[in-house]
1. Answer yes or no: is there a residue in the range 24-35 that is assigned to a loop (DSSP other than H, G, I, E, B), more than 15 Å from residue 172 (Cβ to Cβ), touching a residue at least 24 places away in the same chain (Cβ under 8 Å) and out of contact with any helix residue (DSSP H, G or I) (no Cβ under 6 Å at 6 or more places or on another chain).
2. Keeping to the range 36-67, report how many residues are assigned to a helix (DSSP H, G or I) and within 15 Å of the chain's Cα centre (by Cα).
3. Determine which single condition residue 88 fails, assuming it passes every other condition in (1) buried (at least 19 other Cβ atoms within 10 Å of the Cβ); (2) over 12 Å from the mean Cα position of the chain (by Cα); (3) more than 16 Å from residue 6 (Cα to Cα).
4. In the range 91-115, which residue that is within 14 Å of the chain's Cα centre (by Cα) and modelled with pLDDT under 90 is surrounded by the most Cβ atoms within 10 Å (Cβ to Cβ)?
């Protein structure tokens, strides 16, 4: 029986995992049974009545494992209430609202696979000590030195919880 809600996530440094956990807590506060899992640990969606999936952004894209999850489960996701979110550092910049439309466009590949009923766009964290070393993370230090981004935790927990509250009725129907 499909009785649970899945919140699946792709994360590199734990920021997106924290967002997924907060979303799961809001859904559980409505009496729902919720599993919050990394996308790589999800093999079967048959026990879920609804799915929320999210990913950190790297190079203006969802992480590869997040996209793999969507493609692997495309058929089932199109038959269930589905919501999606992303977590990126761009939304932590000064005047972040001016970038929101562009960031929203980063969801186009997700919409091409399965159409979400709701989309959440959230700022994340920038903590180099938690990120795996790569050319990408090395390159991210330049905008920090230029003052475009600040290191630290930029997640807006009120906005994350508000989105989960607004999305819940779409998932519970």
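The values are calculated or read from the model by the stated rules, or taken from the named source; none is laboratory data. All values derive from a computational prediction rather than experimental measurement. All Cβ positions, even for glycine, are placed from backbone atoms using ideal geometry, and neighbour counts span all protein chains on display.
1. no
2. Of the residues in that region, 6 qualify.
3. (2)
4. Step by step, filter the range 91-115, then rank; the result is 91.
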